[in-house]
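Taking it in order: structure first as structure tokens, then the write-up.
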Amino acid sequence: MQNLHDVIVAIVAFIVLIGVMVVVHEFGHFAVAKLCGVRVESFSVGFGPRLFGIKRGDTDYKVCLLPLGGYVKMTGETPDQISGSSDQASEVPHGEDPGSFTAHPRWQRMLIGLAGPVANFILAFLLMVFYYGWINEVTKFVVSSSTVEWVVPGSPAAQAGLEPGDVIRHFDTVDNPDWMQVGERASMNMNQTVPVTVDRDGKPIDLSLHLPALVRGQDFDLSDAGILPQFMPGPIGVDQVQPGTPADQAGLRGGDAIETVDGHAFHTVGTLLAYMQSGQGKPLTLMVDRKGQKVTLVAHPAKLDSSWKLGFQAVGTPLRTDPLPFRKAVAQAQAFCVDNSTLIVEVLGRLFTRKVAVSQLSGPVGIARMAGQAAEMKGWLPKFGLAAAISINLGILNLMPFPILDGGLILLLLIESVLRHDISINVKERIYQAAFVVLVVFFAFIIFNDVTKLPIFTHLKP
């Protein structure tokens, strides 16, 4: 039942997220096309059969059956429309029709092509301005430094010389990084060695960390390199204990606070889970604070859901809202958009230089999983952050100079401007047909890659 719940949440979250992103993208094209005097035959929310709508002037504003985004149809927009006929102007060739897309100056057509991605950038910016200016959740207690909480024995991090308590001062190309930056830099250097400088007892120590290659069908996590970050201070709070589990049998109770595990001061469940996996079920000695009294418990982890666990639910991270002044909210939103845009461009560059594997990309299934997880997570940052990041992704990817995409349209218009004449309709048709085939093959590969990352398949792997 839980898996079914997760699937339903993921599907609904995906439809809402992608629907909004695509409709905003298409609205950008629509608005500038209208301003330039291009005839817009339809503005559709959704695809497939028309459910309802209203026609104003030349435009049919409609809602269709399949709620997966939307589209804008402009007279003379595609090669097949140019060579064929239009419902709105069937008696007038598109080149002579003043409302046709191709009848307008190339600079106007470039603006129309550019408007969609720009609308996505504006949406991302406004989402984050709203978040920082009206919500801005922060943890009540936070660890600001990049402190290593634990290092998995025998892992690449252990081999590099990292130790619990180390504070990362430099990672790859970033000085004084936070854990998000460390994760981003690590994910872009899989199967490569990066320089790391740590502060250990007040002394800087230079290390070289060889990051492992990405395991096919799995997403990258810092724990893959054996690094367990310290995100929070304080002990692990126990919210609920499942009856009959190792935690219950050991005497752990809701309200307890786990201060140490075998003498190690862990602060998050993620670290405890990694510790249990490396121990392969060995007994654990827990030092617990129970309403001010110190209690020592011995727990025997068991394999639950194919991994070693105790069987309790931890207390969630306490949050508080701290809205920023408008100017600071704008600055934070700008920094968020710039950082994400720079990261996406760098990832694309590393894809072409084969420093990042294509299998690390996520398609519709992967986005649906992330949307479902964000919808279930506590707080608003995962929801606003994911929506803004995907909107930026959509904008940048559509600017790539590939036919069918907005960037491809702009590139062809730039070439025509240099040549000072239009490219043959037949040539354009061939280009679009070839591009369509390439995109379909690439899309199929990404979906297959997404599906292999689903838990049902990863659990089948040895």
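The values are calculated or read from the model by the stated rules, or taken from the named source; none is laboratory data. As the structure is a computational prediction, the values presented were derived from the model and not from experiment. All Cβ positions, glycine included, derive from the backbone under ideal geometry; neighbour counts span all protein chains shown. When the accessible area is computed, the model is the full protein with side chains, heavy atoms only, and any ligands, DNA or RNA have been set aside. Shrake-Rupley method; radii C 1.70, N 1.55, O 1.52, S 1.80 Å.
Observations on the model:
- Residue list for segment 310-327, filter: in contact with a helix residue (DSSP H, G or I) (Cβ under 8 Å, 6 or more places away or on another chain), open to solvent by less than 80 Å² (accessible area, probe 1.4 Å) and among the hydrophobic types (A, V, I, L, M, F, W, C): Leu310, Phe312, Ala314, Leu324
- Within segment 277-298, the set of residues being open to solvent by less than 30 Å² (accessible area, probe 1.4 Å) and out of contact with any Ser or Thr (no Cβ under 8 Å at 6 or more places or on another chain) comprises Gly279, Gly281, Leu284.
- Pairing residues of segment 412-432 that are part of a helix (DSSP H, G or I) with residues that are open to solvent by 60 Å² or more (accessible area, probe 1.4 Å) and modelled with pLDDT under 90, at Cβ distances under 8 Å and at least 6 apart in sequence or on separate chains, gives Glu416/Asp422; Ile425/Ser83; Glu429/Asp80; Glu429/Ser83; Tyr432/Ile404.
- Test result for Ile18, in contact (Cβ under 8 Å) with a residue 40 or more places away in the chain and open to solvent by 80 Å² or more (accessible area, probe 1.4 Å): no
- Identification of strands (runs of 3 or more DSSP E) wholly contained in segment 247-321 with 1 or more residues that are without any contact (Cβ under 8 Å) to a residue 12 or more places away in the chain yields 293-299.
- Set Pro243, Pro233: member being without any contact (Cβ under 8 Å) to a residue 60 or more places away in the chain and either more than 21 Å from Leu361 (Cβ to Cβ) or not hydroxyl-bearing (Ser, Thr, Tyr) (or both): Pro243
Quick grid of which residues meet (1) within 30 Å of Leu214 (Cβ to Cβ); (2) under 32 Å from the mean Cα position of the chain (by Cα):
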site	(1), (2)
Ile227	yes, yes
Phe231	yes, yes
Gly234	no, yes
Gln249	no, no
His267	yes, yes
Thr285	no, no
Lys303	yes, yes
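- Selection of strands (runs of 3 or more DSSP E) fully inside segment 160-217 by the criterion of at least 2 residues being open to solvent by 60 Å² or more (accessible area, probe 1.4 Å) returns 193-200, 203-210.
- Every condition in (1) touching a strand residue (DSSP E or B) at 6+ places or on another chain (Cβ under 9 Å); (2) modelled with pLDDT of 90 or more is met by Val16 except one, and the failing one is (2).
Results for (1) among the hydroxyl-bearing types (Ser, Thr, Tyr); (2) under 31 Å from the mean Cα position of the chain (by Cα); (3) open to solvent by 60 Å² or more (accessible area, probe 1.4 Å); (4) modelled with pLDDT under 85, shown as yes or no for each residue.
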| site | (1), (2), (3), (4) |
| --- | --- |
| Leu394 | no, yes, no, no |
| Met400 | no, yes, no, no |
| Gly408 | no, yes, no, no |
| Ile415 | no, no, yes, no |
| Arg430 | no, no, yes, no |
| Val438 | no, yes, yes, no |
| Val441 | no, yes, yes, no |
| Leu454 | no, yes, no, yes |
| His459 | no, yes, yes, yes |
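- Some residue of segment 8-22 being within 30 Å of Asn426 (Cα to Cα), in a strand (DSSP E or B) and out of contact with any His (no Cβ under 8 Å at 6 or more places or on another chain): no
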